1. So Arg78 fits all but one of (1) surrounded by fewer than 22 Cβ atoms within 10 Å (Cβ to Cβ); (2) touching a strand residue (DSSP E or B) at 6+ places or on another chain (Cβ under 9 Å); what number is the exception?
2. Among the residues of region 70-97, count how many are in contact (Cβ under 8 Å) with a residue 24 or more places away in the chain, part of a loop (DSSP other than H, G, I, E, B) and out of contact with any helix residue (DSSP H, G or I) (no Cβ under 7 Å at 6 or more places or on another chain).
3. Which members of region 104-136 meet the condition of being touching a Phe, Trp or Tyr at 6+ places or on another chain (Cβ under 7 Å), part of a helix (DSSP H, G or I) and buried (at least 20 other Cβ atoms within 10 Å of the Cβ)?
4. Please go through (1) touching a Phe, Trp or Tyr at 6+ places or on another chain (Cβ under 9 Å); (2) among the hydrophobic types (A, V, I, L, M, F, W, C); (3) at pLDDT 95 or above for Leu241 and return the number of the only condition it doesn't satisfy.
5. Quickly run through region 261-296 and pick out the residues that are assigned to a helix (DSSP H, G or I), charged (D, E, K, R) and surrounded by 10 or more Cβ atoms within 10 Å (Cβ to Cβ).
6. Assess whether Ile4 counts as being in contact (Cβ under 8 Å) with a residue 60 or more places away in the chain and in contact with a Ser or Thr (Cβ under 9 Å, 6 or more places away or on another chain).
7. Would region 45-62 turn up any residue that is basic (Lys, Arg), under 29 Å from the mean Cα position of the chain (by Cα) and not in a helix (DSSP H, G or I)?
Amino acid sequence: MGRIVKATGPVPCRYMIVAERPGKVEAQRGYCLCGPSGQELDRYLFVNAGISRDSIHCTNLVKDYRDDESPSEEEIQRDWPLLEEELHIVCPDYIMAMGLYAARAFLGPDIDMEVFNGCCFPRITRCIMPIIHVAAGLHRPRYAAQIAWGFEQFGRMIKGEEMPSGHLRDIESNPLYKELESFIVKKGIVGMDTEGTAEAPWCLSASDMEGCGAVIRPGKRVDVSSSLTVLHNSIHDLQVLDAMNVKLGEWTDTMTMASLLGTEPLGLKALARRHAGMIMSEYSEVVAPAARDLGLEYLGKVLEFAEANTNAESE
(Lines give C-alpha, C1' and ligand atoms only; values in the text may rest on other atoms or scores of the structure.)
Protein backbone atom coordinates (compact mmCIF):
# COMPACT_ATOMS: atom_id res chain seq x y z
CA MET A 1 0.00 0.00 0.00
CA GLY A 2 1.20 3.51 -0.82
CA ARG A 3 0.81 6.59 1.29
CA ILE A 4 -2.59 6.72 2.99
CA VAL A 5 -4.49 9.94 2.28
CA LYS A 6 -6.39 11.28 5.28
CA ALA A 7 -10.10 12.00 5.43
CA THR A 8 -11.36 15.52 6.12
CA GLY A 9 -14.34 16.98 7.95
CA PRO A 10 -16.12 16.71 11.29
CA VAL A 11 -16.31 13.56 13.40
CA PRO A 12 -19.03 12.54 14.10
CA CYS A 13 -20.95 13.93 11.13
CA ARG A 14 -24.42 13.42 9.66
CA TYR A 15 -23.14 13.82 6.10
CA MET A 16 -20.40 11.79 4.43
CA ILE A 17 -18.91 11.61 0.95
CA VAL A 18 -17.09 8.43 -0.07
CA ALA A 19 -15.09 8.97 -3.26
CA GLU A 20 -13.12 6.28 -5.11
CA ARG A 21 -9.42 6.86 -4.44
CA PRO A 22 -7.00 9.80 -4.05
CA GLY A 23 -5.59 11.61 -7.04
CA LYS A 24 -2.02 12.82 -7.54
CA VAL A 25 -2.56 16.17 -5.82
CA GLU A 26 -4.25 14.51 -2.85
CA ALA A 27 -1.34 12.08 -2.54
CA GLN A 28 1.12 14.99 -2.51
CA ARG A 29 -0.80 17.03 0.05
CA GLY A 30 -1.93 14.08 2.14
CA TYR A 31 -5.64 14.78 2.52
CA CYS A 32 -8.83 13.93 0.68
CA LEU A 33 -10.34 15.79 -2.30
CA CYS A 34 -8.06 18.83 -2.31
CA GLY A 35 -7.09 18.90 -6.02
CA PRO A 36 -9.11 19.93 -9.09
CA SER A 37 -11.84 17.43 -8.18
CA GLY A 38 -12.00 18.93 -4.70
CA GLN A 39 -12.48 22.41 -6.12
CA GLU A 40 -15.36 21.10 -8.25
CA LEU A 41 -16.79 19.33 -5.22
CA ASP A 42 -16.75 22.54 -3.16
CA ARG A 43 -18.65 24.35 -5.90
CA TYR A 44 -21.28 21.64 -6.38
CA LEU A 45 -21.82 21.35 -2.63
CA PHE A 46 -22.30 25.09 -2.16
CA VAL A 47 -24.24 25.93 -5.35
CA ASN A 48 -26.32 22.79 -5.85
CA ALA A 49 -26.57 20.98 -2.50
CA GLY A 50 -26.64 24.14 -0.39
CA ILE A 51 -24.05 23.03 2.17
CA SER A 52 -20.43 23.98 2.82
CA ARG A 53 -17.47 21.64 2.55
CA ASP A 54 -16.55 22.03 6.22
CA SER A 55 -19.91 20.56 7.26
CA ILE A 56 -19.35 17.21 5.53
CA HIS A 57 -16.94 14.34 6.18
CA CYS A 58 -15.00 13.32 3.03
CA THR A 59 -13.08 10.08 2.58
CA ASN A 60 -12.12 7.49 -0.06
CA LEU A 61 -13.07 3.90 -0.72
CA VAL A 62 -9.41 3.04 -1.45
CA LYS A 63 -7.01 4.99 0.71
CA ASP A 64 -3.85 5.30 -1.44
CA TYR A 65 -2.90 6.80 -4.81
CA ARG A 66 -1.71 4.61 -7.68
CA ASP A 67 -1.00 6.32 -11.01
CA ASP A 68 -4.61 7.41 -11.56
CA GLU A 69 -5.71 3.76 -11.75
CA SER A 70 -9.27 2.73 -10.94
CA PRO A 71 -9.65 0.79 -7.67
CA SER A 72 -9.21 -2.95 -8.08
CA GLU A 73 -11.41 -5.48 -6.30
CA GLU A 74 -8.40 -6.56 -4.24
CA GLU A 75 -7.75 -2.96 -3.12
CA ILE A 76 -11.40 -2.43 -2.24
CA GLN A 77 -11.47 -5.59 -0.13
CA ARG A 78 -8.16 -4.63 1.47
CA ASP A 79 -9.38 -1.19 2.56
CA TRP A 80 -13.01 -2.03 3.31
CA PRO A 81 -12.33 -2.72 7.04
CA LEU A 82 -10.79 0.76 7.30
CA LEU A 83 -13.92 2.30 5.77
CA GLU A 84 -16.19 0.26 8.05
CA GLU A 85 -14.27 1.53 11.07
CA GLU A 86 -14.57 5.08 9.74
CA LEU A 87 -18.32 4.67 9.26
CA HIS A 88 -18.63 3.46 12.84
CA ILE A 89 -16.76 6.51 14.14
CA VAL A 90 -18.35 9.15 11.88
CA CYS A 91 -21.84 7.60 12.15
CA PRO A 92 -23.36 9.39 9.10
CA ASP A 93 -27.08 9.51 8.41
CA TYR A 94 -26.52 10.31 4.72
CA ILE A 95 -23.77 9.02 2.43
CA MET A 96 -22.91 10.24 -1.06
CA ALA A 97 -21.22 7.38 -2.93
CA MET A 98 -19.31 9.42 -5.49
CA GLY A 99 -18.33 7.41 -8.54
CA LEU A 100 -19.06 3.93 -9.87
CA TYR A 101 -16.74 1.96 -7.58
CA ALA A 102 -17.95 3.66 -4.41
CA ALA A 103 -21.59 3.20 -5.47
CA ARG A 104 -21.12 -0.50 -6.21
CA ALA A 105 -19.23 -1.05 -2.98
CA PHE A 106 -22.29 0.14 -1.04
CA LEU A 107 -25.15 -0.92 -3.31
CA GLY A 108 -23.96 -3.93 -5.30
CA PRO A 109 -22.47 -4.75 -8.71
CA ASP A 110 -25.62 -3.98 -10.73
CA ILE A 111 -25.51 -0.24 -10.02
CA ASP A 112 -25.28 1.85 -13.20
CA MET A 113 -24.36 5.48 -12.57
CA GLU A 114 -26.38 7.00 -15.41
CA VAL A 115 -29.46 5.07 -14.26
CA PHE A 116 -29.16 5.72 -10.51
CA ASN A 117 -27.36 9.07 -10.33
CA GLY A 118 -29.12 11.14 -7.65
CA CYS A 119 -31.41 8.30 -6.50
CA CYS A 120 -31.89 7.75 -2.76
CA PHE A 121 -31.44 4.22 -1.37
CA PRO A 122 -32.76 4.03 2.21
CA ARG A 123 -31.02 1.51 4.46
CA ILE A 124 -31.71 0.56 8.08
CA THR A 125 -29.35 3.10 9.64
CA ARG A 126 -28.66 5.57 6.80
CA CYS A 127 -29.53 6.70 3.28
CA ILE A 128 -27.07 6.23 0.40
CA MET A 129 -27.08 8.20 -2.83
CA PRO A 130 -24.83 7.38 -5.81
CA ILE A 131 -23.63 10.44 -7.74
CA ILE A 132 -21.43 10.62 -10.82
CA HIS A 133 -17.91 11.57 -9.75
CA VAL A 134 -17.20 15.29 -10.05
CA ALA A 135 -14.00 14.46 -11.98
CA ALA A 136 -16.15 13.11 -14.82
CA GLY A 137 -17.46 16.63 -15.42
CA LEU A 138 -13.89 17.90 -15.81
CA HIS A 139 -13.08 15.36 -18.51
CA ARG A 140 -16.51 15.06 -20.15
CA PRO A 141 -18.58 18.27 -19.87
CA ARG A 142 -21.74 16.43 -20.94
CA TYR A 143 -21.87 14.98 -17.42
CA ALA A 144 -21.91 18.39 -15.74
CA ALA A 145 -25.71 18.78 -15.77
CA GLN A 146 -26.20 15.28 -14.37
CA ILE A 147 -23.66 15.90 -11.60
CA ALA A 148 -25.27 19.24 -10.68
CA TRP A 149 -28.70 17.59 -10.58
CA GLY A 150 -27.32 14.77 -8.43
CA PHE A 151 -26.00 17.26 -5.89
CA GLU A 152 -29.36 19.01 -5.87
CA GLN A 153 -30.98 15.68 -4.98
CA PHE A 154 -28.40 15.14 -2.24
CA GLY A 155 -29.30 18.56 -0.83
CA ARG A 156 -32.98 17.64 -0.86
CA MET A 157 -32.28 14.30 0.82
CA ILE A 158 -30.28 15.74 3.74
CA LYS A 159 -33.00 18.37 4.28
CA GLY A 160 -35.47 15.54 4.82
CA GLU A 161 -37.56 16.14 1.70
CA GLU A 162 -39.57 13.29 0.23
CA MET A 163 -37.48 11.60 -2.47
CA PRO A 164 -38.60 9.75 -5.63
CA SER A 165 -38.80 6.02 -4.99
CA GLY A 166 -39.77 4.53 -8.36
CA HIS A 167 -36.33 2.92 -8.76
CA LEU A 168 -36.72 0.89 -5.56
CA ARG A 169 -39.33 -1.57 -6.83
CA ASP A 170 -41.00 -2.71 -10.01
CA ILE A 171 -44.39 -0.99 -10.10
CA GLU A 172 -45.83 -4.04 -11.86
CA SER A 173 -43.92 -7.24 -11.12
CA ASN A 174 -46.37 -9.55 -12.96
CA PRO A 175 -47.17 -7.89 -16.28
CA LEU A 176 -49.63 -9.41 -18.74
CA TYR A 177 -48.70 -9.52 -22.45
CA LYS A 178 -50.97 -10.61 -25.31
CA GLU A 179 -50.81 -10.66 -29.09
CA LEU A 180 -53.96 -8.96 -30.39
CA GLU A 181 -55.80 -8.90 -33.69
CA SER A 182 -56.70 -5.24 -33.16
CA PHE A 183 -55.82 -2.41 -30.79
CA ILE A 184 -58.26 0.50 -30.41
CA VAL A 185 -57.98 3.23 -27.79
CA LYS A 186 -60.33 6.20 -28.03
CA LYS A 187 -58.91 8.36 -25.25
CA GLY A 188 -56.13 8.55 -22.69
CA ILE A 189 -52.42 7.85 -23.03
CA VAL A 190 -50.85 5.01 -25.02
CA GLY A 191 -47.23 3.94 -24.72
CA MET A 192 -45.93 2.52 -27.99
CA ASP A 193 -42.72 0.95 -29.29
CA THR A 194 -41.85 -0.68 -32.61
CA GLU A 195 -39.62 -3.49 -33.81
CA GLY A 196 -38.21 -3.85 -37.28
CA THR A 197 -37.57 -1.23 -39.94
CA ALA A 198 -39.64 0.81 -42.37
CA GLU A 199 -38.68 -1.70 -45.07
CA ALA A 200 -39.49 -4.73 -42.90
CA PRO A 201 -41.77 -3.83 -39.96
CA TRP A 202 -42.09 -6.70 -37.52
CA CYS A 203 -44.55 -5.52 -34.85
CA LEU A 204 -45.53 -2.78 -32.48
CA SER A 205 -46.04 -3.13 -28.75
CA ALA A 206 -48.50 -0.88 -26.97
CA SER A 207 -50.04 -0.32 -23.57
CA ASP A 208 -52.83 1.91 -22.30
CA MET A 209 -53.04 0.28 -18.87
CA GLU A 210 -50.48 -0.30 -16.12
CA GLY A 211 -49.27 -3.90 -16.09
CA CYS A 212 -50.74 -4.83 -19.49
CA GLY A 213 -49.11 -4.83 -22.91
CA ALA A 214 -50.17 -5.82 -26.41
CA VAL A 215 -48.21 -6.98 -29.45
CA ILE A 216 -49.74 -6.18 -32.83
CA ARG A 217 -48.39 -7.50 -36.15
CA PRO A 218 -48.47 -5.66 -39.49
CA GLY A 219 -51.84 -5.78 -41.23
CA LYS A 220 -53.88 -5.66 -38.01
CA ARG A 221 -56.17 -2.77 -37.10
CA VAL A 222 -54.69 -0.09 -34.85
CA ASP A 223 -56.59 3.09 -33.98
CA VAL A 224 -55.03 5.47 -31.45
CA SER A 225 -55.76 8.66 -33.39
CA SER A 226 -57.79 10.18 -30.53
CA SER A 227 -55.20 9.37 -27.83
CA LEU A 228 -51.87 10.83 -26.78
CA THR A 229 -49.21 8.39 -27.96
CA VAL A 230 -45.91 8.29 -26.09
CA LEU A 231 -42.95 7.11 -28.17
CA HIS A 232 -39.26 6.73 -27.43
CA ASN A 233 -36.97 7.55 -30.36
CA SER A 234 -39.73 8.78 -32.66
CA ILE A 235 -37.32 9.16 -35.59
CA HIS A 236 -37.31 5.37 -35.81
CA ASP A 237 -40.84 4.61 -34.60
CA LEU A 238 -42.70 7.00 -36.91
CA GLN A 239 -41.21 5.37 -40.00
CA VAL A 240 -42.16 1.86 -38.83
CA LEU A 241 -45.66 2.98 -37.82
CA ASP A 242 -46.16 4.59 -41.23
CA ALA A 243 -45.10 1.34 -42.90
CA MET A 244 -47.69 -0.48 -40.75
CA ASN A 245 -50.32 2.11 -41.78
CA VAL A 246 -50.79 3.26 -38.18
CA LYS A 247 -51.96 6.88 -37.97
CA LEU A 248 -51.23 8.86 -34.83
CA GLY A 249 -53.01 11.88 -33.45
CA GLU A 250 -51.12 13.81 -30.79
CA TRP A 251 -47.79 12.25 -29.82
CA THR A 252 -44.68 12.97 -27.77
CA ASP A 253 -41.21 11.46 -27.37
CA THR A 254 -39.59 10.57 -24.03
CA MET A 255 -36.11 10.44 -25.60
CA THR A 256 -36.49 14.08 -26.65
CA MET A 257 -37.70 14.96 -23.15
CA ALA A 258 -34.69 13.24 -21.55
CA SER A 259 -32.29 14.92 -23.96
CA LEU A 260 -33.71 18.38 -23.28
CA LEU A 261 -33.55 17.87 -19.51
CA GLY A 262 -29.89 16.87 -19.71
CA THR A 263 -30.18 15.02 -16.38
CA GLU A 264 -31.71 11.73 -17.50
CA PRO A 265 -30.38 8.65 -19.31
CA LEU A 266 -31.49 8.52 -22.94
CA GLY A 267 -32.12 4.78 -23.24
CA LEU A 268 -35.64 3.45 -22.70
CA LYS A 269 -34.45 0.55 -20.53
CA ALA A 270 -32.45 2.89 -18.30
CA LEU A 271 -35.38 5.29 -17.94
CA ALA A 272 -37.77 2.44 -17.13
CA ARG A 273 -35.39 1.13 -14.45
CA ARG A 274 -34.83 4.59 -12.98
CA HIS A 275 -38.45 5.72 -12.76
CA ALA A 276 -40.48 2.52 -12.60
CA GLY A 277 -38.10 -0.11 -11.23
CA MET A 278 -38.51 -2.17 -14.40
CA ILE A 279 -35.72 -4.50 -15.53
CA MET A 280 -36.27 -4.89 -19.26
CA SER A 281 -34.66 -7.67 -21.32
CA GLU A 282 -32.32 -6.82 -24.15
CA TYR A 283 -33.63 -7.58 -27.64
CA SER A 284 -30.83 -10.12 -28.09
CA GLU A 285 -31.99 -11.94 -24.95
CA VAL A 286 -35.59 -12.06 -26.17
CA VAL A 287 -34.75 -13.51 -29.58
CA ALA A 288 -31.91 -15.79 -28.40
CA PRO A 289 -33.96 -19.05 -28.22
CA ALA A 290 -35.47 -18.52 -31.68
CA ALA A 291 -32.09 -17.50 -33.12
CA ARG A 292 -30.51 -20.64 -31.69
CA ASP A 293 -33.22 -22.87 -33.20
CA LEU A 294 -32.86 -21.22 -36.60
CA GLY A 295 -29.08 -21.53 -36.43
CA LEU A 296 -29.28 -25.24 -35.60
CA GLU A 297 -31.81 -25.78 -38.39
CA TYR A 298 -29.54 -24.04 -40.89
CA LEU A 299 -26.51 -26.01 -39.68
CA GLY A 300 -28.45 -29.25 -40.08
CA LYS A 301 -29.28 -28.37 -43.70
CA VAL A 302 -25.63 -27.52 -44.39
CA LEU A 303 -24.53 -30.91 -43.05
CA GLU A 304 -27.19 -32.69 -45.11
CA PHE A 305 -26.06 -30.83 -48.23
CA ALA A 306 -22.39 -31.64 -47.56
CA GLU A 307 -23.17 -35.33 -46.95
CA ALA A 308 -25.24 -35.55 -50.16
CA ASN A 309 -22.43 -33.98 -52.22
CA THR A 310 -19.85 -36.34 -50.66
CA ASN A 311 -21.97 -39.37 -51.53
CA ALA A 312 -22.50 -38.10 -55.07
CA GLU A 313 -18.75 -37.63 -55.62
CA SER A 314 -17.93 -41.09 -54.27
CA GLU A 315 -20.37 -42.70 -56.72
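1. Unmet for Arg78, out of (1) surrounded by fewer than 22 Cβ atoms within 10 Å (Cβ to Cβ); (2) touching a strand residue (DSSP E or B) at 6+ places or on another chain (Cβ under 9 Å): (2).
2. The total comes to 3.
3. Val134, Ala136 - these are the residues of region 104-136 that are touching a Phe, Trp or Tyr at 6+ places or on another chain (Cβ under 7 Å), part of a helix (DSSP H, G or I) and buried (at least 20 other Cβ atoms within 10 Å of the Cβ).
4. (1)
5. Taking region 261-296 and keeping what is assigned to a helix (DSSP H, G or I), we get 261, 268-276, 283-296.
Adding the requirement that they be charged (D, E, K, R) leaves 269, 273-274, 285, 292-293.
Passing the criteria: Lys269, Arg273, Arg274, Arg292, Asp293.
6. Judged against the criteria, Ile4 is not a match.
7. Filtering region 45-62 down to residues basic (Lys, Arg) leaves 53.
Next, only the ones that are under 29 Å from the mean Cα position of the chain (by Cα) stay: 53.
Those still in the list that are not in a helix (DSSP H, G or I) too: none.
No.
This table checks each residue for (1) surrounded by fewer than 21 Cβ atoms within 10 Å (Cβ to Cβ); (2) in contact (Cβ under 8 Å) with a residue 12 or more places away in the chain; (3) within 20 Å of Pro175 (Cβ to Cβ); (4) polar (S, T, N, Q).
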position	(1), (2), (3), (4)
Met209	yes, no, yes, no
Gly213	yes, yes, yes, no
Leu228	yes, yes, no, no
His236	yes, yes, no, no
Leu241	no, yes, no, no
Val246	no, yes, no, no
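The values are calculated or read from the model by the stated rules, or taken from the named source; none is laboratory data. Here the structure is a predicted model, which is why all the values come from computation and not from measurement. Here Cβ is always computed from backbone atoms with ideal geometry, including for glycine, and neighbour counts include all displayed protein chains.
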